[in-house]
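For reference, the structure discussed in these notes is given below.
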Amino acid sequence: MKKFANAFLFGLAVIVLVASCGPDTSKKKDFTLKDPTQVRAGGEVDAVSSTTMTMKFGDEVISLNMDDIINISEKMSAEDQDAMDVMNVNQKLMGAEKEAQLLDVNFSMSDEPIDNGMFIFGIQTEDAKKLTLEMRDEEGFSLVANNMFEINEGQNYKAINVSSLEKGTYNFRIKDDAGRELNREINIVE
């Protein structure tokens, strides 16, 4: 009887262990906005699912895949930050030459301050491109985002989750591999 009780307890322990190590289905991967009526582009969220969300951007309704949301990367190491600073100094020294090297895309964004944690923008291009996104604080000293992303030929919509950033004005720069860039200023109010 004692062997049977030990075998029963051992079996029960194994079942509990296996059940606790299984996939966690209680956590949904849905994306929710703090206030869906205050979407960055001034529209409303029409539908939210685990893979896409449909919202109004300007005068049109767009559908964003969760892959189109760019999360702000963790802070860079001191060595990487130094290398980035040296590259930026070099780019500023070549500023006169860069005047003619604007990024060849049609960029759109709302002029309204960001008040819901999501910065949504549109890029229309004739060619697929790999782009680098940089965001710096208003003074330009502190790099708060440095991400790479791809866009396809035609109209592309992207969103940046800026909810971890403090209120304020940020310099937003997108550049391609050839050094052509586009600069904008965004204002986060919440």
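Figure the gain on full extension for K130 and V86 (residue separation times 0.36 nm, minus the Cα-Cα span) and round it to one decimal in nm.
Gain on stretching K130 to V86: 13.6 nm.
Fewest to most neighbouring Cβ within 10 Å: what's the order for F107, F57, F10?
With the sparsest Cβ surroundings first, the list reads F10, F107, F57.
Can you give me the long-range amide H partners of I70? Hydrogens built in the peptide plane at 1.01 Å from N, cutoff under 5 Å, separation of 5 or more residues or another chain.
Amide H neighbours of I70, under 5 Å, 5+ apart: A159, I160, N161.
Based only on other Cβ atoms within 10 Å, what is the fewest-to-most ordering of K129, K175?
K175, K129
Return the distance in nm (one decimal) between the two label points of a simple spin-label model at E79 and Q155, each offset 7 Å from Cα along Cα→Cβ.
The two pseudo-label positions are separated by 4.5 nm.
Only the coordinates and a few stated rules stand behind these numbers; no lab work does. The model shown is predicted, which means the values in this text are computed figures rather than measured ones. Here the Cβ is made from the backbone with ideal geometry for all residues, glycine too, and neighbour counts use every protein chain on show.
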